[in-house]
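No value in this document is a laboratory result; all are computed from the given coordinates. These numbers come from a predicted model, not from an experiment. We place every Cβ from the backbone using ideal geometry, glycine too, and count neighbours over all the protein chains shown.
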Amino acid sequence: MNLILFGPPAAGKGTQAKRLVEQRGMVQLSTGDMLRAAIASGSPLGVECQAIMARGDLVSDEIVIALIEDRLPEAEAAGGAIFDGFPRTVAQAEALDAMLEKRGARIDGVVRLKVDDAALLERITKRYADQGRADDNPETFKVRLDAYNRNTAPLVPYYEHQGKLTEVDGMGSIDAVAQAIDAALDEASVQA
Ligand code: AMP
């Protein structure tokens, strides 16, 4: 099963994806993690993306689509992927649909974590203090939130139109959100 965890930065996608990896053996495909690893390794890709990410802007569709395409065989072998932070544009979503279709697969469900802006800011402030991730600082976070609203929010009607979108209240505790996601996943596997 292939699932997209969708929502603004700091909505809890990474936390929930990691839990699903542990509990269901799926593979987490986080383009943010892949890009941070590229920066840490000092690869040409990392050098190219570092300043863009530090500003809070999106890197190009071509780059993230290629990163995901590379990892699809591994995800397929594990029985499915949890896409975390990808797709972030309609072009990425279209490319993902096409890549999966070529492999005889598809997106089975899209879970949208809904969290209001004030709560996001509160979470990001805490995460910045705990982890010191540079692009979590309040000014950069605002740019990331703007990028989400401008480029990523149009994916809501995209997946709604495909009948795949489930909305989950992301304001609850980690356990409550986990339960809601599990219910959505079970529903998606019934339909698959
Ligand atoms: P994340 O860890 O998902 O919040 O991603 C951190 C940063 O990596 C984002 O602010 C973007 O600069 C970049 N990034 C991650 N995923 C994507 C994507 N799918 N499309 C474009 N940029 C991305």
Inset, instruction - Could you please state, rounded to a whole Å, how far the C-alpha centre of region 11-49 is from the C-alpha centre of region 145-190? - result: 19 Å
Inset, instruction - Give me the distance in nm between label points sitting 7 Å out from Cα along the Cα-to-Cβ direction at Arg55 and Lys142, one decimal. - result: 1.7 nm
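How high is the FRET efficiency between Val21 and Lys126 when r is their beta carbon distance and R₀ equals 22 Å, given to the nearest 0.05? Don't jump to the answer; show the numbers that get you there.
Details: r = 23 Å, r/R0 = 1.05.
Given R0 = 22 Å and the Cβ-Cβ separation, E is 0.40.
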Legend entry - Count, lysine Cα pairs under 19 Å in the chain, 8 or more residues apart or across chains: 9
Legend entry - Rg in Å to one decimal, and Dmax rounded to a whole Å, for the chain via C-alpha atoms: 15.8, 44
Inset, instruction - For region 135-148, just list the computed ³J(HN,Hα) in residue order, Karplus coefficients 6.51, -1.76 and 1.60, θ = phi - 60°, integers in Hz, with x standing in for Gly and Pro. - result: 7, 8, 5, x, 5, 5, 4, 4, 4, 5, 5, 4, 4, 4
Legend entry - Pairwise label distance in nanometres, Asp169 with Glu187, each label 7 Å out on the Cα-Cβ vector: 1.5 nm
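Give me the number: length gained by fully extending Glu74 to Glu101, i.e. 0.36 nm times residue separation minus the C-alpha to C-alpha distance, one decimal in nm.
8.1 nm
Just how large is the dipole of the chain about the Cα centre, in debye to the nearest 20, putting +1 at every Lys and Arg Cβ and -1 at every Asp and Glu Cβ? Kindly include the intermediate steps, with their values, before the conclusion.
On the way: 21 positive and 30 negative charges, 51 e Å.
Here the size comes out at about 240 debye.
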Legend entry - Length added when fully stretched, His161-Ala118, from 0.36 nm per residue minus Cα-Cα: 12.6 nm
Inset, instruction - List the residues whose amide H sits under 5 Å from the amide H of Asn2, counting only those 5 or more places along or on another chain, with H placed 1.01 Å from N in the peptide plane. - result: Ala81, Asp108, Gly109
Inset, instruction - Name the residues whose placed amide hydrogens come within less than 5 Å of the amide hydrogen of Gly85, ignoring near sequence neighbours (fewer than 5 apart) on the same chain. - result: Leu5
Inset, instruction - Note down the nm distance, to one decimal, between modelled labels 7 Å out along Cα→Cβ at Ser43 and at Gln179. - result: 4.1 nm
Inset, instruction - State the answer as a single residue: which of Val90, Leu3, Gln50 lies farthest towards the positive end of the charge dipole of region 3-187, with beta carbon charges of +1 for Lys and Arg and -1 for Asp and Glu, about the Cα centre. - result: Gln50
Legend entry - Table column - 3J(HN,Hα) (Hz), region 94-104, Karplus curve with 6.51, -1.76, 1.60, x for Gly and Pro: 5, 5, 4, 4, 5, 5, 5, 4, 4, 9, x
